[in-house]
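A short reminder: the numbers here are calculations on the coordinates, not readings from a lab. Predicted model, so just to flag it, every value in this text is computed and none were measured. Backbone-built Cβ (ideal geometry, glycine too); neighbour counts: all protein chains shown.
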Amino acid sequence: MVILNTTYWVSDGRRDEWLRWVREECIPAMLSTGYFVEPQVAKVYMPDDGQGGASYSVQFRAPEMAAVEAWMNGAGAEVGDRLAALFGEEVMGFSTVLELVEW
């Protein structure tokens, strides 16, 4: 099992609109691909740097890395393009893939 984690910085003025986009567009679009399950959204707690905005983590589980790669090589670009078109530089993000380790 792997986790696709995207961490976003969201300007204060666009937070509500971005959260609505994640809930109503992003998550349903990603789930509809069949590659992902168990979406989660979490606020990242960080010291206040005085620049405004907040960071959020959006996570999905996938059965294997091949599913994440298939999404990145297909619909992933569309999600990124839509995000940029809607929010420009008021929302920025980067993705990481985490592999769950048995212990």
* Helix-derived mean residue ellipticity, 222 nm - over the chain, DSSP H n ≥ 4, -39500 (n - 2.57), to 500 -> -9000 deg cm²/dmol
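Could you work out the relative contact order of the chain, using alpha carbon pairs under 8 angstrom and six or more residues apart, expressed as a whole percent? Let's see the in-between values first.
Values: 141 pairs, mean separation 51.1, N = 103.
Relative contact order of the chain: 50 percent.
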* According to a simple spin-label model (label point 7 Å from Cα along Cα-to-Cβ), what is the distance in nm between L31 and A75? -> 1.2
* Asked: Using θ = phi - 60° and the Karplus curve 6.51 cos²θ - 1.76 cosθ + 1.60, what whole-Hz ³J(HN,Hα) does each residue of the range 23-31 get, with Gly and Pro shown as x?
  -> 5, 9, 10, 4, 4, x, 5, 6, 5
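Based only on other Cβ atoms within 10 Å, what is the fewest-to-most ordering of D12, D48?
D48, D12
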* Take Y35, Y45, Y56 and order them by how many other Cβ atoms sit within 10 Å, fewest up front. => Y45, Y56, Y35
